[in-house]
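Just below is one structure, and these are the notes that go with it.
The values are calculated or read from the model by the stated rules, or taken from the named source; none is laboratory data. A quick note: this is a predicted structure, and the numbers were derived from the prediction, not measured. Here the Cβ positions follow ideal geometry from the backbone for every residue, glycine too, while neighbour counts run over all protein chains shown. To get the accessible areas, we keep the full protein, side chains included, count just its heavy atoms, and leave off ligands, DNA and RNA. Shrake-Rupley method; radii C 1.70, N 1.55, O 1.52, S 1.80 Å.
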Amino acid sequence: MLSPERTPRQRMMDLLTGTRLATHQLAQMLGIPERQVEDHLEHVVKSLARDKTRRFILEPSHCQDCNFVFRDRRRLTRPSRCPLCRSEDITAPRYGIEETEQPKPR
Ligand SMILES: [Zn+2]
């Protein structure tokens, strides 16, 4: 390829492959604001939706007081408050990329 520099989005995908990271960790590793990490993540999700070799993993936030899990949450950002116990002690959602097994051509 012509570009010697990898874009922040490509570096983000590299960092996420095979692990789970929260947005603040990615922001620190990439040296960009957390808000930009969230923007990039949305594009990463879209491009992986078309990629048959890899898939995006979202590990949902949960409440540290009552263990409520925010499974239905579609947004990538951290919820502010628990709907059950009103606690604000919510873990950050974590993201990762897993490589899927490809059937070998015969
Ligand atoms: Zn709770």
The residue from 20, 9 that alone is at pLDDT 95 or above and either more than 26 Å from residue 62 (Cα to Cα) or of a type in the set (D, E, K, R) (or both) is 20
All but one of (1) away from the ligand (no atom under 16 Å from the Cβ); (2) touching a Phe, Trp or Tyr at 6+ places or on another chain (Cβ under 7 Å) hold for residue 60; which doesn't? (1)
Unique match (being open to solvent by 40 Å² or more (accessible area, probe 1.4 Å) and either β-branched (Val, Ile, Thr) or out of contact with any strand residue (DSSP E or B) (no Cβ under 6 Å at 6 or more places or on another chain) (or both)) among 35, 20: 35
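Against the condition more than 16 Å from the ligand (Cβ to nearest atom) and either β-branched (Val, Ile, Thr) or crowded, with 16+ Cβ neighbours inside 10 Å (or both), how does residue 91 come out, does it pass? So that I can check it myself, show each step before the final result.
Numbers: more than 16 Å from the ligand (Cβ to nearest atom): no; either β-branched (Val, Ile, Thr) or crowded, with 16+ Cβ neighbours inside 10 Å (or both): yes.
The answer is no for residue 91.
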Go through the stretch 66-88 and report how many residues are at negative phi, near the ligand (Cβ under 10 Å from one of its atoms) and open to solvent by 100 Å² or more (accessible area, probe 1.4 Å). 3
